[in-house]
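Derivation of every value follows stated rules applied to the coordinates shown; laboratory data play no part. Everything numeric in this text was worked out from a predicted model, so none of it was measured. Backbone-built Cβ (ideal geometry, glycine too); neighbour counts: all protein chains shown.
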Amino acid sequence: MKLKKFIRRLLSSLVATFGTRIVDERTGKPVARAFIFCWRGRIYLIGYDGTDQVMPVFLPQERISFWKRKIGFTTHPPPDFPKEYRPDSAP
């Protein structure tokens, strides 16, 4: 157990020092830090400790290229519909 806690503390300190800063592309606010790896068509965020879930988005580019795209991250936006209560509708 002590070794597992030590490795976890070591990894979190490495991420805090050397990790890539993840910025919300929609708002421009920093979300967290993590190591980002792409392997076999998947994106892995190692050491991500943010409270919000992030999703990858394609960023606009000057030149259109279909084999290489810039990817950023954004958080889920809040719902855009009002919360309405209808007493006449059945659950």
When you scan segment 51-84, how many residues do you find that are within 14 Å of VAL31 (Cβ to Cβ), in contact with an Asp or Glu (Cβ under 9 Å, 6 or more places away or on another chain) and without any contact (Cβ under 8 Å) to a residue 40 or more places away in the chain? 4
Condition (residue is over 11 Å from the mean Cα position of the chain (by Cα) and β-branched (Val, Ile, Thr)) applied to segment 28-45: is it met by at least one residue? no
